[in-house]
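Scroll down for the structure; my scribbles are underneath it.
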Amino acid sequence: MTPLSNLLKRETELVSRFILVLGQEQDALKAGRSELLAAINSEKILLVDQLNQLGTERSQLADLTGTATDRTKMAAWLQKNPQEKQSATLWVKLLKLAQEAKELHELNGQLIGLHLQRTTEAISVLTQQHKEHSLYGSNGQSSALTGSRIVDSA
């Protein structure tokens, strides 16, 4: 195994772990178990830091300099180094896993958005900020609440 394929293997394993953590996050969000999210977030941050470090090492190892994206640079490097078949296979696998992680992360973000919306609505109701209620008068037109009870007007 070449140094690059070894590094790509480690990256692939970390992204796989990251996907598992994203799955745990999704399960916690679906179950409303917000108390689990801090520990999950800490693990995600640790994995992202490790992935960033490996990405830097990969760029240095393959001498990927310039302004192109990592994908473009790696594709060009792998084309110039056809003997790195195992690295090419691992790179394709890494890209697929990265796409899966991105989709899970986006879905989890949407779940968090839904929880935030529900929480905001609940806070609004509990603090009675949602006072735009109105009743309809006898003429069918809405009229502002006056504070009198409906039974008093009967």
So how much accessible area does L78 have, in Å² to the nearest 10, using a 1.4 Å probe?
30
Solvent-accessible surface (1.4 angstrom probe) belonging to E57, in square angstrom, nearest 10:
60
Just grab the label-to-label distance for T119 and Q99, each label 7 Å out from Cα along the Cβ direction, in nm (one decimal).
3.3
With the dipole of segment 50-121 defined by +1 on each Lys or Arg Cβ and -1 on each Asp or Glu Cβ, the option from P82, L114, T69 whose Cα lies farthest towards the positive pole is P82
Taking Cα pairs under 8 Å and at least six residues apart, what relative contact order does segment 1-103 come out at, in percent?
48
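The values are calculated or read from the model by the stated rules, or taken from the named source; none is laboratory data. What you see is a predicted model, and the numbers here were worked out from it, not measured in a lab. In this analysis, Cβ positions are derived from the backbone assuming ideal geometry, glycine residues included, and neighbour counts consider all displayed protein chains. Just so you know, the surface numbers come from the protein's heavy atoms only, side chains and all, with ligands and any DNA or RNA stripped out. Shrake-Rupley method; radii C 1.70, N 1.55, O 1.52, S 1.80 Å.
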